[in-house]
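All remarks here apply to the structure that follows.
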Amino acid sequence: MAHPPAAALHLTARRQRKLLAMVGAPSCPQAIALRARIVLLAADGLANSTIAAELGCSEPTVRRWRLRFARHGVPGLFDHPRSGRPDRYGPSERLAVIAVATSLPPEGAARWTQALVAGHLATRGMALSRATVRRVLAETRVRPHKIRGWLNRADDDAFWSQAGAVCRLYLDIPADTLLVSVDEKTGIQARSRIRPAQPASPGRDRRVEFEYKRHGTVSIVAAMDVATGQVVAERVERNDSAHFIRFLAMLDRSTDPALRIHLVMDNGSSHTSRATRAWLAAHPRFTVTPSTPAG
C-alpha cells in the first residue's frame, strides 16, 4: 500500500537548536542522533524515501519517528523506560565504577578489565557484577580496554624548520628528481589466518576469522616514491648501517641514472652513522632531508 506524501514538519527555532545539539553531541547515542537527523531532514521538506536513502534506514523508520515527533516533540524521540527489574545500582555505584576505570590499573595489570573493576570495588564493600560494570562503562563511553598514543615533541625552531623543508619538497618536487621517503619497520609479526575469510554478501559484511598462526617476526626497510606512492621494500636481518647501505645501493642501481635521488628520512642511528655518511658522500646523486649531521 502506497503512503501519501508526508507534510513537512514545522520546527520552532528552539526545537531546531535542540535537535542540532543532539546530532552534534559526541555523548548522544547513535539511535537518538539518527532520529534527530530524520526530523531535521523532514523539516526541510524531504520525502520519506529520500530521507531513508540519505540516512541508510528504512522508510517505516522515518515515518515512525517523524510521527512520534509530531505528536510528542523532542521527548518523543527517546525510548520509554522498559519494564522489568529496576537497576540495583544508583549514582554512587556509577561514579565508583567510572572512578576506578579512569584511574591507573593496579601493579602487574596492563589495563582495567570488567572483572578487575568489580573485584576492586568488592574489596571496598561495593558488590557489583561484571555485567553491571560493563553496562555502566558502555553507558558512559569509558573504554579502559582502548589505548591511544600521542607524540609529545619539544617545540623547537629546528623541528619546525626541518618540517617546513619536508613539506615544501612534497609540494614542489624538483625536476629530474626521485623523491623517496625512507624508513625501517622492525619486528613485524608474520601471521596467517587459520581459516579463509568469508566474502561479503547482501546484508552481511565480509567476515575474517580472528584466529591466526604466528610465523615469527620480520624487519624491512622501505622507500616510497612520494610522487607515485610506489614502494620498494627489502627484508633485513638487522637494522644497522651495513644493511641500510646495501638497501641504498640497491636503490641506486634500480633508479634511472638520469635522476637525482632525494631521501627524506629521520635521524635513526643507521641513517646517521659514519659509514652511511661516508657512503652518501661518495654518491653525490643522493641528497638527504633533513641533512645528516656532520662529523
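To the nearest 0.05, how large is the calculated FRET efficiency for Ala249 and Ala47 if R₀ is 45 Å and r is the Cβ-Cβ distance?
Efficiency computed from Cβ-Cβ geometry: 0.10.
Sorting Glu237, Glu93, Glu211, Glu107 by accessible area (1.4 Å probe), largest first, what list results?
Putting Glu237, Glu93, Glu211, Glu107 in descending order of accessible area: Glu107, Glu237, Glu211, Glu93.
Nearest 10 degrees, 0 to 90: what angle lies between the long axis of helix 30-43 and the longest principal axis of the chain (Cα atoms)?
Once rounded, the angle reads 70 degrees.
By accessible area of protein heavy atoms, probe 1.4 Å, what ranking do Tyr170, Tyr89 get, highest first?
I get Tyr170, Tyr89, largest accessible area first.
When Lys and Arg each count +1 and Asp and Glu each count -1, what net charge do the other residues less than 15 Å away from Val231, Cβ to Cβ, add up to?
Working: positive: Lys185, Arg235; negative: Asp183, Glu184, Asp225, Glu234.
Taking every Cβ under 15 Å from that of Val231, the sum is -2.
Grab the DSSP H runs of the chain that are 4 residues or longer, score each as -39,500 (n - 2.57), total them, divide by all residues and round the 222 nm result to the nearest 500 deg cm²/dmol.
Mean residue ellipticity, 222 nm, calculated: -12500 deg cm²/dmol.
Between the helical axis of 157-171 and the dominant principal axis of the chain, each derived from Cα atoms, what acute angle in degrees is found, rounded to the nearest 10?
90 degrees
Sorted by accessible area (1.4 Å probe), largest first, how do Cys167, Cys28 line up?
The most accessible residue leads, giving Cys167, Cys28.
Which peptide among 8-14, 138-144 comes first, and what is the full order, when sorted by highest mean count of other Cβ atoms within 10 Å?
138-144, 8-14
So if I place +1 on the C-beta of Lys and Arg and -1 on the C-beta of Asp and Glu, and nothing else carries charge, what would the dipole magnitude of the stretch 49-205 be about its Cα centre? I want it in debye, nearest 20.
Working: 25 positive and 15 negative charges, 294 e Å.
The calculated dipole for the stretch 49-205 is roughly 1420 debye.
Express in nm, to one decimal, how much length is gained between Trp160 and Asp172 on full extension, taking 0.36 nm for each residue of separation and deducting their alpha carbon distance.
Gain on stretching Trp160 to Asp172: 2.5 nm.
Would you please give the FRET efficiency between Thr186 and Asn267, computed as 1/(1 + (r/R0)^6) with r the Cβ-Cβ distance and R0 = 22 Å, to the nearest 0.05?
So, using R0 = 22 Å, E works out to roughly 0.85.
Can you give the accessible area of Lys185 in Å² (nearest 10), computed on protein heavy atoms with a 1.4 Å probe?
Accessible surface of Lys185 is approximately 120 Å².
Between Arg274 and Arg130, what is 0.36 nm times their sequence separation minus the Cα-Cα distance? Round to one decimal in nm.
46.1 nm
Using label points projected 7 Å from each Cα along Cα→Cβ, tell me how many nm separate Ala197 and Ser103, to one decimal.
If labels sit at Ala197 and Ser103, their model points lie 4.3 nm apart.
For the pair Glu211/Arg64, report the inter-label distance in nm, with labels modelled 7 Å from Cα in the Cβ direction.
So the label points at Glu211 and Arg64 sit 3.8 nm apart.
Connecting C-alpha atoms closer than 10 Å in a GNM of the chain, tell me which of Gly187, Gly216, Gly203 has the biggest fluctuation.
Most flexible of the set in this elastic network: Gly203.
The values are calculated or read from the model by the stated rules, or taken from the named source; none is laboratory data. Here the structure is a predicted model, which means the values were calculated and not measured. Neighbour counts are summed over all protein chains in view; Cβ atoms, including those assigned to glycine, are modelled from backbone coordinates with ideal geometry. Surface accessibility is based on the protein's heavy atoms, side chains included, excluding ligands, DNA and RNA. Shrake-Rupley method; radii C 1.70, N 1.55, O 1.52, S 1.80 Å.
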